[in-house]
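Here's the structure we're looking at; comments come further down.
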Amino acid sequence: MITLTTLAIVICAFAILVFFAQEFLGRFKKIFGLPGVTLFAPLVLASSVILVYEFWEPWLFLRVKIILNSIPEAIAHILPFGSFSIYLAKIIYLSCMASLPIWMAYYKSRAKGNRKANAVPFWMGLFLWVFLAMLLIVQ
């Protein structure tokens, strides 16, 4: 019963949002036209989300860590190096997971006709590599 009520409220809210999309867009343009709002609004929004969902962060990182560590363990069972195979599997997995999105973005931009390299995928890959390395190192 509660789920149907929630679903009805969500559908009505999005119907109102779609119906008055032009008015909402004009209001957002006026709000973000004020000086300093483009800087502080995302900071306030991100801080409030972090404060509200702070108790979910350890659970989320633990789940991501379990998923990320299960794949190198599966790779380590294939490798014939004994106790060293888990470390080699983590290195292989980290290299593939950090470089694969960069190469995908690079070839996608090449397919669109851009001949100039974009720096954004490389920064994304660096941050992804650091994040994955931190989650894979923690035992």
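The values are calculated or read from the model by the stated rules, or taken from the named source; none is laboratory data. Bear in mind that the values here come from a model prediction, so they are computed numbers and not experimental data. Backbone-built Cβ (ideal geometry, glycine too); neighbour counts: all protein chains shown.
Just so you know, in region 78-106 the residues that are more than 27 Å from Val120 (Cβ to Cβ) and surrounded by 10 or more Cβ atoms within 10 Å (Cβ to Cβ) include one that is nearest to the chain's Cα centre (by Cα), and it is Ala89. Pairs linking a residue in region 79-90 that is touching a residue at least 40 places away in the same chain (Cβ under 8 Å) and under 15 Å from Ala133 (Cβ atoms) to a residue that is surrounded by 12 or more Cβ atoms within 10 Å (Cβ to Cβ) and of a type in the set (S, T, N, Q), with Cβ atoms under 9 Å and 6 or more positions apart or on different chains, are Lys90/Asn69.
Listed by first and then second residue, the pairs linking a residue in region 118-139 that is free of Cβ contacts under 8 Å to residues at least 40 places away in the same chain to a residue that is surrounded by fewer than 12 Cβ atoms within 10 Å (Cβ to Cβ), with Cβ atoms under 7 Å apart and 6 or more places separating them unless they lie on different chains, form an empty list. Of note, Leu60 does not satisfy the criterion of being outside the structural domain of Leu132 (by TED's automatic domain parsing) and surrounded by fewer than 11 Cβ atoms within 10 Å (Cβ to Cβ). Any residue that is closer than 20 Å to Leu62 by Cα, assigned by TED's automatic domain parsing to the domain that holds Ile67 and modelled with pLDDT of 80 or more - is there at least one of those in region 102-114? No: zero hits. Screening Ser48 against (1) loosely packed, with under 14 Cβ neighbours inside 10 Å; (2) among the small types (Gly, Ala, Ser); (3) at pLDDT below 85 leaves a single unmet condition, (3). Among the conditions (1) farther than 28 Å from Leu17 by Cβ; (2) in the same structural domain as Leu17 (by TED's automatic domain parsing); (3) among the aromatic types (Phe, Trp, Tyr), Phe40 misses just one, which is (1).
Within region 58-75, the set of residues being of a type in the set (D, E, K, R), in contact with a helix residue (DSSP H, G or I) (Cβ under 8 Å, 6 or more places away or on another chain) and either free of Cβ contacts under 8 Å to residues at least 60 places away in the same chain or farther than 26 Å from Tyr87 by Cβ (or both) comprises Glu73 only.
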